[in-house]
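Notes follow once the structure below has been shown.
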Amino acid sequence: MDDEVRDVDAWRGAVTGALLPFHVECTAPERFRGSISRRRLGDTSLIAMTSRPHRAVRTAEHIDDGPADYLLSLQLAGTARFRQDDRTARVDPGDMVFYDSGRPVEIVSGEGYRSLCFRFPTDGLGAHRTAGELTATTLDAAHGLAPAVAGLLTGLHEGLERSAGDAAAAPLLAGARHATELARALFDDELGRRGLLSTPDPHAELRARIDRHIDAHLADPTLSPRAVAAALFVSPRHLHALFAEDGRTVAGTIRERRLERCLADLADPGQGPTPVSAIATRWGFANATRFGQLVKAATGRTPVAYRRAMWSGTSGT
């Protein structure tokens with residue numbers, strides 16, 4: 001999708017495939033040019049765009065019932081105007097702006113438009129209840145954490161270009177996770193500077209950090225409550241007390257999330273060449289017998305039988 005697009009209709013399709021569905025229009029369609037590319041990095045994406053001036057509108061008709069994502073756009077060249085939630089932001093080179101895929105938005109790009117857009121899930125965002133206060137708000141290139149976020153996004157893009165799009169490379173995936181964390185910190189910082197950040201529950205914030213750490217290290221067979229406590233600089237006693245407030249245990253959370261990943265891979269026909277044992281090992285299960293017991297307890301079937309049933313569409317027990 002890196003080839004130049006020379007038609008507004010083709011651009012509409014390219015934007016829908018790489019970013020989100022939009023209605024697109026421009027005053028000089030015969031002179032329109034644009035290019036767009038998307039690189040997936042785990043559950044995030046980095047979208048690079050260039051285009052001639054045009055207007056893109058995302059209405060309620062374009063929005064489905066799926067989970068919304070956040071999009072943080074870094075202006076590299078030219079100017080653009082973003083409108084969402086009754087606010088309008090103009091961005092110049094170096095500036096950033098944030099919008100929510102779950103609500104209508106209008107984007108008007110100027111001459112020489114070039115941008116990088118980082119798309120990431122809303123889950124785990126500490127300030128998610130008030131992040132909507134920042135949509136269509138210019139995040140100035142020289143303020144707060146904006147320069148650090150901009151530098152990380154451009155570095156990720158350059159790394160992807162050098163690796164010929166191999167987004168599975170471990171350093172790039174780690175960089176994407178860091179970009180998500182930094183974007184969340186940017187939101188907290190901007191909300192705090194504007195006096196809009198609600199007082200967080202410190203226990204809820206710490207549990208969210210712990211959950212993110214667990215999700216990022218499920219493949220490590222040594223992941224354990226003690227290892228999590230050490231990584232987050234809390235005592236094991238405090239760690240267990242935090243999860244008890246949620247009605248959970250740390251070991252149970254690790255086990256359940258590993259099992260969720262394994263079941264998803266077993267149900268995926270694209271993982272057909274991968275042996276069941278390799279899927280278990282991939283997600284940190286070192287004991288094949290224990291893994292089989294957990295799958296049987298959760299699904300009523302052995303791992304092999306569960307895989308066969310999911311592929312054939314007979315998911316009942």
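The values are calculated or read from the model by the stated rules, or taken from the named source; none is laboratory data. Keep in mind that what you see is a predicted model, and the values were worked out from it rather than measured. Here the Cβ is made from the backbone with ideal geometry for all residues, glycine too, and neighbour counts use every protein chain on show. Surface areas here come from the heavy atoms of the whole protein model, side chains and all, with no ligands, DNA or RNA. Shrake-Rupley method; radii C 1.70, N 1.55, O 1.52, S 1.80 Å.
Show me the trypsin sites (Lys or Arg not before Pro) within the stretch 1-52 that DSSP assigns to loop and that have at most 16 other Cβ atoms within 10 Å of their Cβ.
Filter output for the stretch 1-52: Arg6, Arg33.
Within 11 Å, Cβ to Cβ, of Leu74, how many net charges do the neighbouring residues add up to if Lys/Arg are +1 and Asp/Glu are -1? Mind dumping the intermediate values first?
Working: positive: Arg114; negative: Asp95.
Counting the neighbours of Leu74, the net charge comes to 0.
Between exposed GluC sites (Glu not before Pro) in the chain, where DSSP calls loop and at most 15 other Cβ atoms lie within 10 Å, what's the longest gap?
Of all site-free stretches, the longest is 112-317.
Which order do Leu182, Leu46 take when ranked by solvent-accessible area (1.4 Å probe, heavy atoms of all protein chains), largest first?
Ranked from most to least accessible, the order is Leu182, Leu46.
Figure the gain on full extension for Ala216 and Val304 (residue separation times 0.36 nm, minus the Cα-Cα span) and round it to one decimal in nm.
So the chain would gain 29.0 nm between Ala216 and Val304.
So, taking all protein chains as they sit and a 1.4 Å probe, how much accessible area belongs to Ile47, in Å² rounded to tens?
Looks like 0 Å² after rounding.
Just the C-alpha atoms of the chain: what Rg/Rh do they give, with Rh taken as the Kirkwood radius?
Answer for the chain: 1.01.
So for the chain, averaging the separation of alpha carbon pairs under 8 Å that are six or more residues apart and normalising by length, what relative contact order in percent results?
Reported as a whole number, the value is 12 percent.
To the nearest 10 Å², what's Asp95's accessible area with a 1.4 Å probe?
We get 20 Å² for Asp95.
Give a quick list of trypsin sites (Lys or Arg not before Pro) in the stretch 218-317 that DSSP marks as loop, anything other than H, G, I, E or B, with at most 10 other Cβ atoms within 10 Å. Kindly include the intermediate steps, with their values, before the conclusion.
On the way: sites: Arg226, Arg237, Arg248, Arg255, Arg257, Arg258, Arg261, Arg282, Arg290, Lys296, Arg301, Arg307, Arg308; in loops: Arg248, Arg301.
Passing both the DSSP loop test and the Cβ count: no residue.
So what's the net charge close to Ala185: Lys and Arg +1, Asp and Glu -1, counting the other residues with Cβ under 14 Å from its Cβ?
Overall, the nearby charge balance is 0.
Note down the net charge around Asp95, summing +1 for each Lys or Arg and -1 for each Asp or Glu among other residues with Cβ under 14 Å from its Cβ.
Numbers: positive: Arg81, Arg90, Arg114; negative: Asp92, Asp140, Glu190.
Charge balance in the 14 Å sphere: 0.
Report, in deg cm²/dmol and to the nearest 500, the calculated mean residue ellipticity at 222 nm for the chain, where each DSSP H run with n ≥ 4 adds -39500 (n - 2.57) and the sum is divided by the residue count.
-13000 deg cm²/dmol
Of Trp311, Trp11, Trp283, which has the most accessible area with a 1.4 Å probe, and how do the rest follow in descending order?
Values: Trp311 115, Trp11 5, Trp283 55 Å².
Largest to smallest exposure gives the sequence Trp311, Trp283, Trp11.
Find the relative contact order for the stretch 51-160 and round it to a whole percent, using C-alpha pairs within less than 8 Å whose residues are 6+ positions apart. Kindly include the intermediate steps, with their values, before the conclusion.
On the way: 221 pairs, mean separation 36.1, N = 110.
RCO, the stretch 51-160: 33 percent.
How large is log10 of I(q)/I(0) for the stretch 250-295 at q = 0.22 Å⁻¹ when the intensity is taken from the Debye formula with one equal scatterer per alpha-carbon?
Taking Cα atoms of the stretch 250-295 as identical point scatterers yields -0.70.
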